[in-house]
Every structure is written in structure tokens, then in C-alpha cells.
Amino acid sequence: MTASGTAGHGAELARYVDLASLGAVVVKSLSAEPWAGNPSPRVTEVDAGMLNSVGLQNPGIEAWLEHELPPLLATGARVVASIWGFTVEAYEKAAAALAGAPPEVMAVEVNLSCPNVESRRAMFAHSPVLTAEAMAATAGCGRPRWAKLSPNVTDISEIAGAALEAGAEALTLINTVMGMVIDVDTGRPRLGAGGGGLSGPAIRPVAVRAVYDVCTAFPDAVVVGAGGIATGAHAVELMMAGASAVEVGTATFADPRAPGRVAGELERWCRRHNVARVADLVGRARADT
């Protein structure tokens, strides 16, 4: 799949990859109302990846359903919507707005890496209580919900457990790692908002560890691996840790064909290693499987 926020609303990639051949296109995170996002600059390259602080800019769910979703569905893609909010009520409103979406919108990924303005801007994904509240509030979407969790916590398994208990059918691991870069010539942060989220190759070991730990704690959980995947072998690694599927994100900025290329490389890896089904890779690295 594509990773939310790295391929716009999906149809932009149609000229580079057959979107219908992917597991799904996960679109940019949406809120119930339009949101302008953060000041520029919003993206900067770093040694082993990218730092971004786009700030969840989006046109709002109503505009997305009317203008962005139809051209994406015309490609034959399966779609996973991503939603966010600053309050539990905002998550509930966003989820309800998707209740009437076409059936091709097969799931809703609940992006929990957002500050809760009602709790002194603590991120939802940094608290098991806030995570559970947001997940419970999104049931109105009427389709499976995936909880996208942050690695910036002491124990991600605790947060994962709260999400599962609150109704998450799957977990997406991981979102970006918090970071900052400073322009040494100006003495100022390179991003307009100061800090941002680190993605790309540097965070893949963090993603592997998070997937491994959560799948060890919850062997029956369905996990989607994300973080630094740029090759088929990277996808294999995340699946061996326990992921049932993967999302390709930052690699798409350098190569818009990356999601399709990774899928092809994964298939060829399986052939070379006599793996009959991709599902046979899931959890292979864990002692309990």
C-alpha cells in the first residue's frame, strides 16, 4: 500500500503505477473541516531520509468525497481513508462523514499522532486513555478501523493494547519519529514549524522493533508495517517481524513508482526463496511462531 501523506490523494501516482495492482491506496489524512496546515518550509531532506511538518493540510472530507475520491476510484484502486482531529469529537465527526462513502473505501486508518487540544496538546497516540477514546469515537465510519500509532512512546505495546480493546481491527506501525534540523548558516530550524517528523531509511529499524514487540505482545493482532520501506527485502523484513502488509511512503518522493516496484520485488524474493504465499512470511522471525 501507499503510506498516508506521501502520495497526495492517490490519483497523482496513476501515471507511474497501476494503482489497482496495489493492496490499497492510503490517502492523505483528512479532517471533518478543511485545514490549512503549517507554515513553510514544510519538508527538508536529511542524511537518511526526510523531515516533514506539513501539518495535515487537507480540503476536508466533504470536498475529498466530491473532488478527490472519484478520480482515484476510476483507477480501480482500493482505498483506505485516513482521518485525524484535535479532539475526540473531531475524530467522531470525521468518522461519521465517511459513513456514506463508497464500498471501495475499504477501511479507515485513524491517525492518532495528533495533539489533543483538550489535554494540553498531548498526542492521542502518547496516551492509552486518549488512544482508546479516539478509537471508540470512530466506530461511526461503519468499516474496519486501523489505529496508526506513534513510536515516540516508552511502551508502544501498551498503546497498541488500548487501541485493540477500543475496537481497532488493525494497527499501523509506525508513524514518524520526532526530530529537528537546524540550518547552521542561519541558526534557525529548517522547517517553518520548528520540529517535524523523521521518515525514510533511518527509521526502518525502529519500525521493525515496534512491529516485533507489538506482535509478540498480541500474536493475533493484524499489523500493517510502515517506516523506511524502499525495497522488496525491506517489506520481507517487516513481514518477518509480524506485519501482514506494508505501506511504502517516503521512497515515493524519490521514485513515484516505488509502491509498485516494491510489490514486484517482494514477489520475486518469494519466488527465489521458494515462499509459496506472502502470508507464510508473517512473524517468521518471532520465536513464538
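The values are calculated or read from the model by the stated rules, or taken from the named source; none is laboratory data. Worth saying up front: this structure is predicted, and the values here are computed from it rather than measured. Methodologically, a virtual Cβ is constructed for each residue, glycine included, from the backbone with ideal geometry; neighbour enumeration extends over all protein chains shown.
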Return only the number of the condition from (1) out of contact with any Gly (no Cβ under 8 Å at 6 or more places or on another chain); (2) among the hydrophobic types (A, V, I, L, M, F, W, C); (3) at pLDDT below 95 that A193 does not satisfy.
(1)
Hey, any hits in segment 233-244 for a residue that's small (G, A, S), under 30 Å from N52 (Cβ atoms) and over 17 Å from the mean Cα position of the chain (by Cα)?
yes
With G55, G23, G10 as the choices, which residue is small (G, A, S), under 23 Å from G225 (Cα atoms) and surrounded by 23 or more Cβ atoms within 10 Å (Cβ to Cβ)?
G10
Expected single match for hydrophobic (A, V, I, L, M, F, W, C), in contact with a Ser or Thr (Cβ under 7 Å, 6 or more places away or on another chain) and more than 15 Å from A101 (Cα to Cα) among A20, A3 is A20
Any idea which of P71, P41, P34, P115 is more than 19 Å from A139 (Cβ to Cβ) and touching a Lys or Arg at 6+ places or on another chain (Cβ under 6 Å)?
P115
Any residue in segment 220-234 that's more than 8 Å from A207 (Cα to Cα): show its pairings with residues that are hydroxyl-bearing (S, T, Y) and not in a loop (DSSP other than H, G, I, E, B) at Cβ separation under 6 Å, as long as the two are six or more apart or on different chains.
V224/T172
Sort out which residues of segment 145-172 are of a type outside the set (D, E) and either part of a helix (DSSP H, G or I) or over 15 Å from the mean Cα position of the chain (by Cα) (or both), and write them in order of number.
V153, T154, I156, S157, I159, A160, G161, A162, A163, L164, A166, G167
Filtering segment 36-94 down to residues that are of a type in the set (D, E) and closer than 24 Å to S199 by Cβ, which residue is farthest from the chain's Cα centre (by Cα)?
D47
So which helices (runs of 4 or more DSSP H) stay within segment 59-139 end to end and still have 1 or more residues that are crowded, with 19+ Cβ neighbours inside 10 Å, in contact (Cβ under 8 Å) with a residue 60 or more places away in the chain and among the aliphatic types (A, V, I, L, M)?
69-73, 88-97
